[in-house]
Amino acid sequence: MTRSHRIAVALVLALVMLTLPGWVLRHESTGAIAGREAELETVRQRNETLRVENQALLSEVRALADDPYSVERRARDVLRFVRPDEVVLLFESPRGSGGSR
């Protein structure tokens, strides 16, 4: 092998050795970016879900603060409150039927 061939081979090897780490890092960072973008989308969807839930809760708080009927309905539904002159009948669904007949 002549001296010029050895120099050419050395230059090619040097070029490969210098560009290979950058190429590998670019491709690894591209994968990392894609993973981060997917993670960001998941966080955005969760944020939107929480925003909708917060809006519903805020509406409920406003209704409970401003509307006596809302307070009564909530007390009846959640706490099972009844008025003194009322009779409440509760029916249980048969076991194993899934609650539908």
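Answer yes or no: is there a residue in the range 2-21 that is at pLDDT 85 or above, within 36 Å of the chain's Cα centre (by Cα) and in a helix (DSSP H, G or I).
Checked the range 2-21: no residue is at pLDDT 85 or above, within 36 Å of the chain's Cα centre (by Cα) and in a helix (DSSP H, G or I).
Taking residue 80, is it on the phi > 0 side of the Ramachandran plot and either of a type in the set (D, E, K, R) or surrounded by 10 or more Cβ atoms within 10 Å (Cβ to Cβ) (or both)?
Yes; evaluated as a whole, the condition is true for this residue.
Within the set of pairs 6+ apart or on separate chains, which have a first residue in the range 53-65 that is in a helix (DSSP H, G or I), a second that is modelled with pLDDT under 95, and C-beta atoms under 7 Å apart?
The qualifying pairs are 63/70; 64/70; 64/71; 64/74.
Check the range 51-73 and report whether any residue there is of a type in the set (Phe, Trp, Tyr) and either surrounded by 10 or more Cβ atoms within 10 Å (Cβ to Cβ) or at pLDDT below 80 (or both).
No: the range 51-73 contains no residue that is of a type in the set (Phe, Trp, Tyr) and either surrounded by 10 or more Cβ atoms within 10 Å (Cβ to Cβ) or at pLDDT below 80 (or both).
The values are calculated or read from the model by the stated rules, or taken from the named source; none is laboratory data. Quantities reported herein were computed from a predicted structural model and do not represent experimental measurements. Cβ: placed from backbone, ideal geometry, glycine included. Neighbour counts: every protein chain shown.
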